[in-house]
Amino acid sequence: MNIHEYQAKALLRSYGAPVSDGRVVLKADEAKSAAGELGGPLWVVKAQIHAGGRGKGKFKEPEAGEKGGVRLAKSVGEAAELAKQMLGRTLVTHQTGPAGKQVNRIYIEEGSDISRELYLALLVDRGTSRISFVVSTEGGMDIEEVAAHTPEKIVSFSVDPASGLSDFHGRRVAFALGLEGAQVKQCVALVKNLYRAFVEKDMEMLEINPLIVMTDGNLKVLDAKVGFDNNALYRQPDVMALRDETEEDPKELAASKFDLNYIALDGEIGCMVNGAGLAMATMDIIKLYGAEPANFLDVGGGATKEKVTEAFKIITSDPNVKGILVNIFGGIMRCDIIAEGILAAVKEVGLQVPLVVRLEGTNVEKGKEIIANSGLNVIAGDNLSDAAQKIVKAVKG
């Protein structure tokens, strides 16, 4: 789960991180009073969406101007006007895709005198199963570009959970960022606070880009992006309260309410599979035979008829889906339950595209019999390869 920049900064402020004072604006008529509460003489007006690259992004509507989603203002009136221009408009960045995202919130914060821009991030390194720091002197840029062209400017290291974080780690970050004097002490304190927030709030990623050195020599968190481990949200009610469902894919949101593991993709063949490994294999074999999967969908090992029905409805709600492949290996999951769920879903939402079903495992003959006697135009797959070829052929015509 992701949160907005202003929410991330409020969270980090509660852990002692140095952040700018700011106000969130939800309605255009609130912009002037919000800006007026900040001292100036410079204001920064930021569109709040769950995507990076806002400063370089462009709005679809000409009324929003050509300056991107992060703009500077030199008066309260100008800040309010910029906020009004951006609210309700669609911002397109390299992370949103061509569809863009509607800006429903604006963050107005006080300006900062910047001397240097740095990069600092914490994430879960799956290779070591540890929390890792990633730091670079090249802040304010796309870290992917830095990694591709000047990888020597990126320093990364992990923290051993047995010994935990120490001042040494903070000094290592400070050294990598070229900090000196009092800045080193500030960096050590910041690293401690960020690490504590990361662990206590079950984050999976915390990115500060940029972390700035101001002209007075002090450090400040100028931008923050935070993502949380969805599997730990049950113990983070304060984090759950920050969730903005308007920023999430409606299909993924619906899937989460039924405990379905669903990720929307750009292809044309919808997939319903039980088990993450089998789902990945199903997606791979669809690509092997010349098509693209429209989603990753794992209904889990113990799915009920109702969950299968909801999964099917989510798949069919995607207008890009031109065919559906159901691939079930029944261990814990019974094939007859899958068959009944498919029939219930088809009766409720209809079947407008080709459907290939491959069943194997517990109660497989009963499951096949249920589908065969349903009267539906369902194509049976003898095995995974056969099923994939049949759905690709049906979609490609």
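Regarding residue 46, is this residue touching a Phe, Trp or Tyr at 6+ places or on another chain (Cβ under 7 Å) and either closer than 25 Å to residue 239 by Cα or modelled with pLDDT under 95 (or both)? Here the answer is yes, as residue 46 does meet what is asked. Take the conditions (1) without any contact (Cβ under 8 Å) to a residue 40 or more places away in the chain; (2) under 14 Å from residue 208 (Cα atoms); residue 117 misses just one of them, which is (1). For the condition surrounded by fewer than 19 Cβ atoms within 10 Å (Cβ to Cβ), farther than 25 Å from residue 229 by Cβ and modelled with pLDDT under 90, residue 111 does not qualify.
Within region 172-201, the set of residues being surrounded by fewer than 17 Cβ atoms within 10 Å (Cβ to Cβ) and either assigned to a loop (DSSP other than H, G, I, E, B) or assigned by TED's automatic domain parsing to the domain that holds residue 52 (or both) comprises 178, 180, 181. Screening the candidates 276, 232, 291 for the property of being under 29 Å from residue 18 (Cβ atoms) and either surrounded by fewer than 16 Cβ atoms within 10 Å (Cβ to Cβ) or small (Gly, Ala, Ser) (or both) yields one hit, 232.
When the strands (runs of 3 or more DSSP E) confined to region 8-112 are screened for residues that are within 28 Å of residue 204 (Cα to Cα), those reaching at least 2 such residues are found at 22-25, 43-47, 90-92, 106-110. Of the conditions (1) touching a residue at least 12 places away in the same chain (Cβ under 8 Å); (2) over 20 Å from residue 391 (Cα atoms), residue 373 fails just one. Which one is it? The number of the failed condition is (1). Flag not set for residue 312, criterion: in contact with a Lys or Arg (Cβ under 9 Å, 6 or more places away or on another chain) and among the aromatic types (Phe, Trp, Tyr). Scanning region 226-254 for residues that are at pLDDT 95 or above and under 19 Å from residue 95 (Cβ atoms) yields a count of 3. A residue that is in contact with a Cys (Cβ under 6 Å, 6 or more places away or on another chain) and either hydroxyl-bearing (Ser, Thr, Tyr) or at negative phi (or both) occurs nowhere in region 375-385.
So which of 311, 339, 380 ends up being out of contact with any Pro (no Cβ under 7 Å at 6 or more places or on another chain) and either among the β-branched types (Val, Ile, Thr) or over 22 Å from residue 258 (Cβ atoms) (or both)? Step by step, each of 311, 339, 380 is checked, and only 380 is out of contact with any Pro (no Cβ under 7 Å at 6 or more places or on another chain) and either among the β-branched types (Val, Ile, Thr) or over 22 Å from residue 258 (Cβ atoms) (or both). From (1) in a helix (DSSP H, G or I); (2) out of contact with any Asp or Glu (no Cβ under 9 Å at 6 or more places or on another chain), pick out the condition that doesn't hold for residue 336. Going through (1) in a helix (DSSP H, G or I); (2) out of contact with any Asp or Glu (no Cβ under 9 Å at 6 or more places or on another chain) one by one, residue 336 breaks only (2). Confirm whether residue 363 is on the phi > 0 side of the Ramachandran plot, surrounded by 17 or more Cβ atoms within 10 Å (Cβ to Cβ) and in the same structural domain as residue 258 (by TED's automatic domain parsing). In short, yes. In the set (1) out of contact with any strand residue (DSSP E or B) (no Cβ under 7 Å at 6 or more places or on another chain); (2) modelled with pLDDT under 95; (3) at negative phi, the condition left unmet by residue 161 is number (1). Of all the criteria given as (1) of a type outside the set (Lys, Arg); (2) under 12 Å from residue 79 (Cβ atoms); (3) without any contact (Cβ under 8 Å) to a residue 24 or more places away in the chain, the one not satisfied by residue 29 is (2).
Within region 307-344, restricting attention to residues that are acidic (Asp, Glu) and in contact (Cβ under 8 Å) with a residue 40 or more places away in the chain, the residue that is surrounded by the most Cβ atoms within 10 Å (Cβ to Cβ) is 310.
The values are calculated or read from the model by the stated rules, or taken from the named source; none is laboratory data. Since the structure is predicted, the reported quantities are computational estimates derived from the model, not experimental observations. For neighbour counting, all protein chains shown are included, and Cβ atoms are generated from backbone atoms with ideal geometry for every residue, glycine included.
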